[in-house]
1. Taking the stretch 227-244 on its own, how many of its residues are open to solvent by 20 Å² or more (accessible area, probe 1.4 Å) and within 18 Å of the chain's Cα centre (by Cα)?
2. Within the stretch 197-229, track down each residue that is in contact with a strand residue (DSSP E or B) (Cβ under 9 Å, 6 or more places away or on another chain), within 16 Å of the ligand (Cβ to nearest atom) and over 19 Å from Thr356 (Cβ atoms).
3. Among the candidates Asp100, Asp95, Asp78, which residue alone is open to solvent by 30 Å² or more (accessible area, probe 1.4 Å) and either in contact (Cβ under 8 Å) with a residue 40 or more places away in the chain or of a type in the set (Phe, Trp, Tyr) (or both)?
4. Among residues belonging to the stretch 155-170 that are open to solvent by 10 Å² or more (accessible area, probe 1.4 Å) and in contact (Cβ under 8 Å) with a residue 24 or more places away in the chain, point out the one that is farthest from Asp85 (Cα to Cα).
5. Could you grab the pairs with beta carbons closer than 8 Å, sequence gap of 6+ or different chains, first residue in the stretch 46-57 and closer than 15 Å to Gly185 by Cβ, second one open to solvent by less than 20 Å² (accessible area, probe 1.4 Å) and more than 13 Å from the ligand (Cβ to nearest atom)?
6. With (1) more than 13 Å from the ligand (Cβ to nearest atom); (2) open to solvent by less than 60 Å² (accessible area, probe 1.4 Å); (3) touching a helix residue (DSSP H, G or I) at 6+ places or on another chain (Cβ under 8 Å); (4) modelled with pLDDT of 95 or more as the list, and Lys139 as the residue in question, which single condition is left unmet?
7. Please enumerate the residues belonging to the stretch 230-245 that are hydrophobic (A, V, I, L, M, F, W, C) and within 9 Å of the ligand (Cβ to nearest atom).
8. Check Ala261 against each of (1) more than 16 Å from the ligand (Cβ to nearest atom); (2) out of contact with any Asp or Glu (no Cβ under 8 Å at 6 or more places or on another chain); (3) within 28 Å of Lys93 (Cβ to Cβ) and name the one condition it does not meet.
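The values are calculated or read from the model by the stated rules, or taken from the named source; none is laboratory data. Quick caveat: nothing in here was measured; it's all calculated off a predicted structure. Glycine also receives a Cβ, built like all others from the backbone with ideal geometry; neighbour counts cover every protein chain displayed. When the accessible area is computed, the model is the full protein with side chains, heavy atoms only, and any ligands, DNA or RNA have been set aside. Shrake-Rupley method; radii C 1.70, N 1.55, O 1.52, S 1.80 Å.
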Amino acid sequence: MIGGTLNLSIATVAEQGFKTPYGVSPYMNVGIDDIAFQPGRLKLDLKTVFAPAVDQPPKKFTSGLGLSEIALPDTDEDIVTLGADAALELMNKNDLTPSDIGRIDVATESSFDRSKPASTYIAGCLEQRFDESFRNVDKGERKFACIAGTQAVNDALNWVAAGVRTGKALVIATDEAFYERGDPGEATQGAGAVAMLIDENPRLMSISRIHGYGSRDETDFLKPNQQYPSVDGKRSVQVYLARMREAITHFEEQSGPLHPAEYALAPFHTPFPKMVRKAAALGFRHSIRGTDIEATIADRIGDRPQQADFDADDAYVDAIQAWTEDLRETDEYTSWYNDVVAPTLSLSAHVGNWYTASVHLARVSGLWNALNEGRDLAGENVFVASYGSGSQAEVHQEVVQEQWKERVREFDVVEKLEARTNITDFETYRDLHRAHDETTETDMSPISEATGFVHDGTGSMGERTYRFIG
Ligand code: HMG
């Protein structure tokens, strides 16, 4: 059944011969125990405020990119306040205090300090709310564009699995995705954080030990000592797809061929939802090769074009693209896409790109939609596909745990999106963008009512200072 389940238990996986290179069991019961997320307090509507001001049809953003609005940080917010708000909520709802935590990893590509990691700032914020400190906690910061969030999860996972842990691991992916004003990427901006608790016997997602990688030195998107990225946008789309293909092939070398019916959800890194629509079609095409699905649809859209049958590469590319377009129209594809991919994209359409946190928000989105649609995902597989420019993709498999519904019910997705304050005119957006420019001094006041942690100044050593508002 398309979009159905293949309930791979640990025993089944072992029988199927899944092995890591060193023979370690691919499934330890380690993974994501719980999640909390925090969007920037502001919201920019792309259709009514952004599109008219940049003289573009709203459909370019809604249909062309799949975005309707984006989350932005107010003037007193940054990666530390967003990360600390998400982490505090995660700790509070799990009755945790600093002595329960052994490790804090922050993933970001919006760091404002070349030495002091954001995790120390976030720990400092959290300590304002507890009587204990994180004195014996290992803290760090991970950087590799958007994929660093997944790398930080994997580091924490390995630390727990290695048996050397001294507590639970807190992983916080936090970013402000600003582009230079007028850059084609401007509409895809976003700001927010996802905090994840990594532990043994997780209540949400157990994570497989098999990771497929595609990695190559590229210059599609980079920030050489600058706040805003240098971006070759069109090429970055092609690089994303190429790395994903390599990562999936690498994964299959270890796990055997993928089949679309094995996965209930497939969260991808989502710079904008349309990017994932492109990737999903290629992923589906790849994974149905030689399967019952391909045989069934051949009656309607013909056999898949084979490169060997074409004299010129261009002719083959045209033929396979046309076949892929036809494939996207089939019931098999649309039903799979609607079940497995679309649920992971609905949050992104309202918040934009959160860089390191993006794929983790896509997981939140998929689980939350599944809960609201009354699906029972316990025991089902989820295929997670991360990407970072520069460039690297990583794919792996997770299994939804029995207690997932209780955890997801507390994500408070609607409340968080609705709590944001609308930026009602383009001039205010322009001033806000300038206020976040690291090279410009402005004294713009916050637009929205402050909640949680706020950035309230700069100390004598140039450090940022923070305060809890409530
Ligand atoms: P652009 O030049 O503004 O847009 O840049 P476009 O002209 O290519 O149009 C975009 C789509 O809208 C096209 O669809 C148009 O046809 C369509 P497509 O051909 O791609 O299917 N369109 C319309 N549709 C309906 N009605 C209309 C209309 N007009 C146009 N009226 C670009 C787009 C993605 C290049 C730009 O947004 C950009 O540079 N973004 C930043 C880079 C990016 O997000 N890259 C994605 C892959 S790399 C990545 O994900 C890593 C990243 O997250 C960073 C990291 O890892 O750290 C970015």
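1. 3
2. Arg216, Thr219, listed by residue number.
3. Numbers: Asp95 fails: either in contact (Cβ under 8 Å) with a residue 40 or more places away in the chain or of a type in the set (Phe, Trp, Tyr) (or both); Asp78 fails: open to solvent by 30 Å² or more (accessible area, probe 1.4 Å).
The conditions single out Asp100.
4. Let us first name the residues in the stretch 155-170 that are open to solvent by 10 Å² or more (accessible area, probe 1.4 Å), namely 155, 158-159, 161-168.
Still in the list and also in contact (Cβ under 8 Å) with a residue 24 or more places away in the chain: 155, 159, 161, 165-168.
Values: Asp155: 23, Trp159: 25, Ala161: 28, Arg165: 25, Thr166: 24, Gly167: 21, Lys168: 18 Å.
So, considering only residues that are open to solvent by 10 Å² or more (accessible area, probe 1.4 Å) and in contact (Cβ under 8 Å) with a residue 24 or more places away in the chain, the one farthest from Asp85 (Cα to Cα) is Ala161.
5. Matching pairs, first to second residue: Phe50/Leu44; Phe50/Tyr429.
6. (2)
7. Taking the stretch 230-245 and keeping what is hydrophobic (A, V, I, L, M, F, W, C), we get 231, 237, 239, 241-242, 244.
Listed by number, the residues that qualify are Val231, Val237, Val239, Leu241.
8. Status for Ala261: all satisfied but (3).
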